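Please treat every number below as a calculation from the coordinates, not as lab data. Values in this document were obtained by computation on a predicted structure and should not be read as measured data. Backbone-built Cβ (ideal geometry, glycine too); neighbour counts: all protein chains shown.
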Amino acid sequence: MSQATEPEERLLIEAAQKDPSRFAELYEQNFHRVYAYIARRVRDRAEIQDLTAHVFHQALANIGKFKWKGSPFAAWLYRIAANAIADQAKRKMRESSEQATPSSGSSNAADLKKLNAVLVCLARWTSCLRINVW
């Protein structure tokens, strides 16, 4: 499906806000770009598919809250995707740190320092993404 013009996109959004079954057109227009956005940041195909599904599930669940601010609808989807990617990365880090079995106390402290540094960088990167998306 070709990209909608701004007035067409606004009409599609308004229709989906009134009747969520109309969200399908927005999904079809934006699926490939959201999938590609996620694929450039995540390597595992199953994760890409899961995250893409999550983005559209969140968008559908919150379509009533969407406010037109002059940016393309895809910008809102990219923000949802960026947040989902960051949340998943944080969850993975947390899970891997819980599963790690330290061999000694000093090694554990060093690992925790490294993990904290990574999480701080990730938090800064995420907040930068949230501000700079479109």
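What to note about this one:
- Using a Förster distance of 35 Å, the FRET efficiency for E98-Q3 (Cβ separation, nearest 0.05): 0.20
- Summary of packing: across the peptides 80-86, 30-36, 54-60, 67-73, the per-residue average of other C-beta atoms within 10 Å ranks them, highest first, as 80-86, 54-60, 30-36, 67-73.
- Label-point gap, in nm, between A117 and R91 - each point 7 angstrom along Cα→Cβ: 2.8
- Whole-Hz couplings from phi, Karplus 6.51/-1.76/1.60, listed for region 13-22; x for Gly and Pro: 5, 4, 5, 5, 5, 7, 9, x, 5, 7
- Stretchable slack from A36 to L60, in nm (0.36 nm times residue separation minus alpha-carbon distance): 6.7 nm
- Volume per residue that the Cα convex hull of region 13-74 spans, once the total is divided by residue count, Å³: 82
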